[in-house]
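Q: Dropping the structure in here first, questions after.
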Amino acid sequence: MKVMLVAGARPNFMKIAPVLRQLERAGHTAVLVHTEQHYDEQMSGAFFNDLWIREPDHCLGVGSGSHAQQTARVMERFEPIVESEQPDWVLVPGDVNSTLAAALVTAKLRPLIGCRLAHLEAGLRSFDWRMPEELNRVLTDRCADLLLTPSRDAHGNLEREGIPAERVVFVGNLMVDSLLERLPAARARNAAAAFDLVPGHYAVATLHRPSNVDDERALRTCMAGLGAVAEELPLLLPVHPRTGQQIAAAGLAAELGCLHLTPPLGYVDMLSLVDGAAVVITDSGGLQEETTALGVPCVTLREQTERPITVTMGTNRLAPWPLTAAGILASFRAARSEGRSPPGSRSPEGWDGHSAARVVAALEN
Ligand code: UD1
């Protein structure tokens, strides 16, 4: 079996890493395509190193741009690769622009060369059509021959959209495969010490959603909330490039002296810091899942989440919407007083480190 895996942006790398290894261990031919939607060492190369991902077979060099530019560039550059490689399966993870672009190319080539499309992390829905990721998720699922889900709630979403049940297979959460594999290295690293932080006595925050950072008022509200938190507990903020640009444009840098700002961190450093945190505050999808797997309380700065299982079962809570500094602080206090749970004790079904094996079995079947 020949399987093409497509990765483009930071949250994709931890999902493809275990699948790539499992495919090669099982004797299948894996072809790795990196669209290079993310291309900086900090957003891409560091993750290849930390997650032991081998060199890609094809790099598309699409880089940054508008949604249309990014999607179109991936499509143009990906099509000839699928035509020449003639894979049995194309495997796309998540919900970034590269995901949808590769899905569209595969679906259109399917009648010509017989390749089929599998979507990793299928069926998640925020029901918020203003999010580019929601468009990417729904349309990728609509194109897919095989929809591989991370949690059971995804099945109800797909059924409501009329996707036949025989196309949908529960595989659990691939991020947890990567997390469990690298947790010993993360614990040995003690990244907190490099920031003069004491394990269990600091918070970590990340922020990069366009709805929180591209609008100056929203960005100021989030930063005021994080500033209020930092008066109670040291707070480390690794700054996503999008957020860094918006902080500079708003002239906010001087007002953030109370926060520990740092450039984006590699996978093992970030895992080490999240594992040692009292509370995580984020608008990232991946961190909502990682904190649930680790038992670390999480406050999510969004109106809704496409990962509701992290709230109903895990350690996540949504800050009151619309966001205010007082609401963020109150949610942080509630999360902190709830405290940590033993790792894995709040993990949903299938968040067990064996999802890649279930993915490969689903493709073989
Ligand atoms: C993308 C995904 C988002 C995901 C996020 C994780 C889409 C629509 N969005 O958002 O779902 O949660 O990745 O990080 O696909 N930049 C760099 N270096 C890089 C990459 C980007 O400096 O390696 C800067 C560029 O100025 C770029 C900006 O960051 O314009 C935003 O990058 P982009 O890939 O467009 O979107 P993200 O906000 O990263």
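The values are calculated or read from the model by the stated rules, or taken from the named source; none is laboratory data. Every value quoted in this text rests on a predicted model; they were computed, and no experiment measured them. Counting neighbours? That spans all protein chains shown, and the Cβs are built from the backbone with ideal geometry, glycine included.
Q: So in the range 282-293, with the set limited to residues that are within 16 Å of residue 174 (Cβ to Cβ) and more than 12 Å from the ligand (Cβ to nearest atom), which one is surrounded by the most Cβ atoms within 10 Å (Cβ to Cβ)?
A: 289
Q: Next up: Restricting to the range 36-73, and then to whatever is within 10 Å of the ligand (Cβ to nearest atom) and touching a residue at least 60 places away in the same chain (Cβ under 8 Å), can you tell me which residue is farthest from residue 357 (Cα to Cα)?
A: 67
Q: Among the candidates 105, 74, which residue alone is assigned by TED's automatic domain parsing to the domain that holds residue 29 and in contact with a Ser or Thr (Cβ under 9 Å, 6 or more places away or on another chain)?
A: 74
Q: Which one is surrounded by the fewest Cβ atoms within 10 Å (Cβ to Cβ) among residues in the range 5-24 that are over 15 Å from residue 55 (Cβ atoms) and more than 16 Å from the ligand (Cβ to nearest atom)?
A: Only one residue tops the list, namely 22.
Q: Next question. Exactly one of these conditions fails for residue 121: (1) within 25 Å of residue 241 (Cβ to Cβ); (2) among the acidic types (Asp, Glu); (3) surrounded by fewer than 23 Cβ atoms within 10 Å (Cβ to Cβ); (4) touching a residue at least 60 places away in the same chain (Cβ under 8 Å). Give me its number.
A: Condition (3) is where residue 121 drops out.
Q: Identify, please: which residue in the range 310-336 is assigned to a helix (DSSP H, G or I) and touching a Lys or Arg at 6+ places or on another chain (Cβ under 8 Å) and is, among those, surrounded by the fewest Cβ atoms within 10 Å (Cβ to Cβ)?
A: Of everything passing the filter in the range 310-336, 334 is surrounded by the fewest Cβ atoms within 10 Å (Cβ to Cβ).
Q: Could you pull out the residue among 96, 92, 82 that is more than 8 Å from the ligand (Cβ to nearest atom) and under 22 Å from the mean Cα position of the chain (by Cα)?
A: Step by step, each of 96, 92, 82 is checked, and only 92 is more than 8 Å from the ligand (Cβ to nearest atom) and under 22 Å from the mean Cα position of the chain (by Cα).
Q: Within the range 114-126, does at least one residue satisfy the condition of being among the polar types (S, T, N, Q) and within 26 Å of residue 1 (Cβ to Cβ)?
A: Scanning the range 114-126 turns up no residue that is among the polar types (S, T, N, Q) and within 26 Å of residue 1 (Cβ to Cβ).
Q: Can I ask one more? If a residue has to be at positive phi and surrounded by 19 or more Cβ atoms within 10 Å (Cβ to Cβ) to count, how many in the range 82-114 make the cut?
A: Result for the range 82-114: 1.
Q: Within the range 245-267, how many residues are surrounded by fewer than 17 Cβ atoms within 10 Å (Cβ to Cβ) and under 14 Å from residue 212 (Cα atoms)?
A: 2
Q: Can you name the number of the only condition in (1) buried (at least 23 other Cβ atoms within 10 Å of the Cβ); (2) free of Cβ contacts under 8 Å to residues at least 40 places away in the same chain; (3) away from the ligand (no atom under 16 Å from the Cβ) that residue 157 fails?
A: (1)
Q: Name the residues in the range 125-149 that are surrounded by 18 or more Cβ atoms within 10 Å (Cβ to Cβ), in contact (Cβ under 8 Å) with a residue 60 or more places away in the chain and either touching a strand residue (DSSP E or B) at 6+ places or on another chain (Cβ under 8 Å) or over 24 Å from residue 351 (Cβ atoms) (or both), would you?
A: 146, 148
Q: Let me ask another. Name the residues in the range 347-357 that are buried (at least 20 other Cβ atoms within 10 Å of the Cβ) and either under 13 Å from residue 120 (Cα atoms) or charged (D, E, K, R) (or both), would you?
A: Answer for the range 347-357, where residues must be buried (at least 20 other Cβ atoms within 10 Å of the Cβ) and either under 13 Å from residue 120 (Cα atoms) or charged (D, E, K, R) (or both): 355, 356.
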